[in-house]
Amino acid sequence: RASPDVGPLRLAGRRQSRCGEPQRPMELVSALRLTADGGRVLELEYGGLVRKRLYDLDADGVVERESWDADGDGTFEATRRARLPIPEFLMPEPAADTIPG
């Protein structure tokens, strides 16, 4: 199985980022999704398709596993263990709480 079974996910935010070479930047869309027990899954979209998932299932800011769909068919064929901090530019901005005055 390529992806961990995380159960139902709740969307917590999205962010658009530009990265890559300055003369040929690429746009990534990241979606932060939360598991029922507080874990996090970051889905990375490129070209309108989710291509990679980063799993921080203990919510410590470090990715423990990643999976990817290299051919864009919707099936995540590959996975591997990881140990990398979540890049800040992928995380959605915190929602601003507003209190009516």
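The values are calculated or read from the model by the stated rules, or taken from the named source; none is laboratory data. These numbers were taken from a predicted model, which means no experiment stands behind them. Virtual Cβ from ideal backbone geometry, glycine too; neighbours counted across all protein chains shown. These accessible areas exclude ligands, DNA and RNA; they are computed on the full protein's heavy atoms, side chains included. Shrake-Rupley method; radii C 1.70, N 1.55, O 1.52, S 1.80 Å.
What the table below lists for this structure:
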{"item": "Filtered residue count, the stretch 8-27, keeping only those that are touching a strand residue (DSSP E or B) at 6+ places or on another chain (Cβ under 7 Å), open to solvent by 40 Å² or more (accessible area, probe 1.4 Å) and of a type outside the set (Gly, Ala, Ser)", "result": "10"}
{"item": "Failed condition for GLY61, given (1) out of contact with any helix residue (DSSP H, G or I) (no Cβ under 7 Å at 6 or more places or on another chain); (2) surrounded by 15 or more Cβ atoms within 10 Å (Cβ to Cβ)", "result": "(2)"}
{"item": "Search result, residues across the stretch 1-36 that are among the β-branched types (Val, Ile, Thr) and more than 23 Å from ALA78 (Cα to Cα)", "result": "none"}
{"item": "Sole residue being surrounded by 10 or more Cβ atoms within 10 Å (Cβ to Cβ), modelled with pLDDT under 95 and among the acidic types (Asp, Glu), chosen from ASP5, ASP69", "result": "ASP69"}
{"item": "Neighbours by Cβ (under 8 Å, 6+ apart or cross-chain): first from the stretch 81-94, surrounded by 13 or more Cβ atoms within 10 Å (Cβ to Cβ); second modelled with pLDDT of 90 or more and acidic (Asp, Glu)", "result": "ALA82/GLU64; ALA82/GLU66; ILE86/ASP56"}
{"item": "Residue within the stretch 59-70 that is polar (S, T, N, Q), out of contact with any Asp or Glu (no Cβ under 7 Å at 6 or more places or on another chain) and in contact (Cβ under 8 Å) with a residue 40 or more places away in the chain present", "result": "yes"}
{"item": "Yes/no for ALA78 being open to solvent by 90 Å² or more (accessible area, probe 1.4 Å) and either small (Gly, Ala, Ser) or in contact with a Cys (Cβ under 7 Å, 6 or more places away or on another chain) (or both)", "result": "no"}
